[in-house]
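The values are calculated or read from the model by the stated rules, or taken from the named source; none is laboratory data. Here the structure is a predicted model, which is why all the values come from computation and not from measurement. When we count neighbours, we look across all protein chains shown, and the Cβ atoms used for this are built from the backbone with ideal geometry, even at glycine.
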Amino acid sequence: MIINIFSYACIGLGLVFWFWGTPHLLRKRSVLFKLHSLSVADTLGSMSIIFGLLLRIPSEWPLLILAILSLMLWNTMLGYVLAYCSSEVSHDG
């Protein structure tokens, strides 16, 4: 019973993070700031939802742990690639 409540709380927190990142897109800031805010909120929200699913269906833990690790690595690397590609310095050498 308590695990179900904690699971729903994690899923609800994940939804809050998803919607929390969206208003940053409407602010008058740089594109990179908007992208960073949105990607951090989406990553935390998605990881929270996956953790909530892990509590509900523990038999699928290998896939859910792989999903959490993939989110952490993919979003971190994507952020670095976008920052590198958008920098004003020439990368030709």
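Worth pointing out:
- In a residue-by-residue description of segment 22-41, the property of being touching a Gly at 6+ places or on another chain (Cβ under 8 Å), among the aliphatic types (A, V, I, L, M) and at pLDDT 90 or above applies to no position.
- Residue list for segment 1-38, restricted to those being exposed (fewer than 14 other Cβ atoms within 10 Å of the Cβ) and touching a Lys or Arg at 6+ places or on another chain (Cβ under 6 Å): Leu25
- Residue within segment 70-77 that is at negative phi, in a loop (DSSP other than H, G, I, E, B) and surrounded by 10 or more Cβ atoms within 10 Å (Cβ to Cβ) present: no
- The C-beta contact set for segment 22-37 (first residue farther than 17 Å from Thr76 by Cα, second residue of a type in the set (Ser, Thr, Tyr), distance under 6 angstrom, 6+ apart or interchain) comprises His24/Ser37.
- Residues located in segment 38-57, provided they are within 20 Å of Asn75 (Cα to Cα) and either free of Cβ contacts under 8 Å to residues at least 40 places away in the same chain or among the basic types (Lys, Arg) (or both): Leu38, Val40, Ala41, Asp42, Thr43, Leu44, Gly45, Ser46, Met47, Ser48, Ile49, Ile50
- Residues of segment 53-67 classified as exposed (fewer than 11 other Cβ atoms within 10 Å of the Cβ) and either touching a Gly at 6+ places or on another chain (Cβ under 7 Å) or within 18 Å of Met1 (Cα to Cα) (or both), total: 2
- In segment 31-45, the condition of being more than 25 Å from Tyr84 (Cα to Cα) and acidic (Asp, Glu) is met by no residue.
- Count of segment 78-88 residues which are surrounded by 12 or more Cβ atoms within 10 Å (Cβ to Cβ) and in contact with a His (Cβ under 8 Å, 6 or more places away or on another chain): 1
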